[in-house]
Amino acid sequence: MTVKLVYRGKEYEVQEGMTVRDAIKKVGLQPETILAVHGGKLLTDDTILKSDMKTIKLVAVISGGSRGVQLPAPGPQAQAAKRAPTIEEGPGVRVGI
Amino acid sequence: MKCRKCGATAAINMRQHKLALCEEHFLEWMPEQTQRIVEKYRMFAPEDKILVAVSGGKDSLSLWDILHRLGYHADGLYIGLGIDGRRSSSEEGIGYSDESRRLSEKFAAERGLTLHVVEVEATYGATIPELAVISHRGRDKPCSVCGLNKRYIMNRAAHDGGYNVLATGHNLDDEAAVLMQNTLNWASGYLVRQAPVLEANRPGLARKVKPLCRFYEREMAAYAIVRSIEYIYDECPHAVGSTTLYYKEILNQMEEKRPGAKLQFYLSFLQAKEQGLFALQADDAELHACEKCGQPTSAPGECSFCRLWDKVRAVKGARLPLPALPTIEISDES
């Protein structure tokens, strides 16, 4: 029997009897960046998946972090960072609030 | 796995603390820990008036929720950036900013909280993506001009609104990723200024605090889910592929092998700073008042924000309003 995992609109099937942590790894995701939700309740990583669970929702904890990231080549930003920032630049490089 | 406090089925296991908690005790633990962080770093006191910068995301809305639960006087500030998410004129947008604003307003309305809204386009005459294209700043991404605008507007709104402190929802993963990036670049100027509290040590600067700086991003997402906070799930479309996300991934790979690695990296940095690691990098640059808007700036003359908008006005001409002087119009939406 299998259990369905749903992550960002994509569906995966894994064998029952696996832990949540192993299932997350099995579908190629980092367990540290995922929360598993069943029936609106959070599941801990050691929870054993059972076929009666049917569908488990996987929630990415890092918004946007699941689409593959690439390291941009060092640019002017890295050079600029070696001097003291201006007051308008703030404390560092940020994403979002 | 069982809750350490009551033995019920645990909802979350925080491996870095060797602590598993059920939903009920996790919801108690989060505000308790936040209060400890607020006190440890002397962020603010019960009588302070706090402005929380909210983006509609899990961190900022959860922060606002926690501060409200703790009984602090905390109002929200939402900055409308005009980001639609289109990569070309023919593509349909995802309405990123519209949805972020809707969720922020919904959150405030449900709790009877005050949310101030500053729409960049309505106030200054262009959206952030337009601004990036016109100014040719930040190569192909608007993140640089976005950061500049947000910092300026947040500081000014806090200052003009009479708030003692500006709180942002940066979590430990945000802080550790920036720390890693700045360390790999040996960016001492940035490193010396990274802290849970940025003091308002110059006229015109708002005091900035990060009450979530010791919580993992995972805990913040769990809190939002357990509290049924509706937040914008997608990150800003311009953040996809950013260096910050890259460093977060690297750090999480380390965390996977060694639970607590991220926390130790950040806390060791703070401890080293406290012990004087960056003593010779004292931030003693003199600040000047911008001759156009009066906000603090590093060099005499106009600040970066005014220079940026001057450039845009020169291109867009009469379509833009005159410089907004001297205060930002803040509409109270609640």
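The values are calculated or read from the model by the stated rules, or taken from the named source; none is laboratory data. Small disclaimer: the values here were computed from a predicted structure and weren't measured. Neighbour counts are summed over all protein chains in view; Cβ atoms, including those assigned to glycine, are modelled from backbone coordinates with ideal geometry. The accessibility values were calculated without ligands, DNA or RNA, using every heavy atom of the protein model including side chains. Shrake-Rupley method; radii C 1.70, N 1.55, O 1.52, S 1.80 Å.
What FRET efficiency, computed as 1/(1 + (r/R0)^6) with R0 = 22 Å and r the Cβ-Cβ distance, is obtained for B:N164 and B:R36, rounded to the nearest 0.05? Could you put the intermediate results ahead of the total?
Working: r = 20 Å, r/R0 = 0.92.
Result of the calculation: an efficiency of 0.60.
Using the Cα centre as the reference, give the magnitude of the dipole from point charges on the C-beta atoms of chain B (Lys, Arg: +1; Asp, Glu: -1; all else neutral), rounded to the nearest 20 debye. Working shown, then result.
Details: 42 positive and 44 negative charges, 166 e Å.
Using only the charged Cβ atoms, the result is roughly 800 debye.
Could you list, in their original order, any pairs among B:K58/B:K150; A:K25/B:K262; A:K25/B:K18; A:K10/B:K58; A:K41/B:K210 whose Cα atoms are separated by more than 24 Å?
Where the Cα-Cα span goes over 24 Å, the pairs concerned are A:K41/B:K210.
Enumerate the aspartates and glutamates that B:K40 could reach by cross-link, defined here as Cα to Cα under 14 Å, with residues fewer than 8 away along the same chain left out.
Reachable aspartates and glutamates: B:E32, B:E274.
On a full-extension model of 0.36 nm per residue, what is the gain between B:K311 and B:D98, subtracting their alpha-carbon distance, rounded to one decimal in nm? Before the final figure, lay out each step's value.
On the way: separation 213, 0.36 × 213 = 76.68 nm, distance 2.65 nm.
Stretched out fully, the B:K311 to B:D98 stretch lengthens by 74.0 nm.
If you take the beta carbon distance between B:K18 and A:M1 as r and set R0 to 51 Å, what does 1/(1 + (r/R0)^6) give as a FRET efficiency, to the nearest 0.05? Provide the component values of the computation, followed by the final result.
On the way: r = 33 Å, r/R0 = 0.65.
So the FRET efficiency works out to roughly 0.95.
Assuming a ≥ b ≥ c are the square roots of the Cα gyration tensor eigenvalues, decide whether the range A:2-60 counts as rounded (a/c under 1.5), prolate (otherwise, with a/b larger than b/c) or oblate.
On the way: a/c = 1.18, a/b = 1.16, b/c = 1.01.
Rounded shape, in that the Cα axes give a/c under 1.5.
Using only the heavy atoms of the protein chains and a 1.4 Å probe, how would A:K54, B:K5, B:K106 rank by accessible area, largest first?
Details: A:K54 145, B:K5 105, B:K106 70 Å².
The ranking, largest first, comes out as A:K54, B:K5, B:K106.
To the nearest 10 degrees, how steeply does helix B:23-40 sit against the main Cα axis of chain B, on a 0 to 90 scale?
For helix B:23-40, the angle is close to 60 degrees.
Once each part is reduced to its C-alpha centroid, what is the distance from the range B:253-277 to the range B:127-206 in angstrom?
22 Å
Between B:K49 and A:K10, what is the FRET efficiency for a Förster distance of 30 Å, r being their Cβ-Cβ separation, to the nearest 0.05? Spell out each step's value before the answer.
Numbers: r = 45 Å, r/R0 = 1.50.
So the FRET efficiency works out to roughly 0.10.
Ignoring everything except DSSP H segments at least 4 long, calculate the 222 nm mean residue ellipticity for chain B; use -39,500 (n - 2.57) per segment, divide by total residues, nearest 500.
Details: 12 runs with 146 residues, N = 334.
Helix contribution divided over all residues of chain B: -13500 deg cm²/dmol.
Note down the accessible area of B:H17, probe 1.4 Å, to the nearest 10 Å².
70 Å²
Which Cα, out of A:I56, A:L43, A:G17, lies furthest along the positive dipole direction of the range A:2-60 (beta carbon charges, K/R +1, D/E -1)?
A:I56
Simple spin-label model, 7 Å along Cα-to-Cβ: B:D84 to B:T183 in nm?
Between B:D84 and B:T183, the simple spin-label model gives 4.2 nm.
Checking the cross-link filter: which aspartates and glutamates have an alpha carbon closer than 12 Å to that of A:K4, excluding same-chain neighbours under 8 positions apart?
A:E13, A:E16, A:D52
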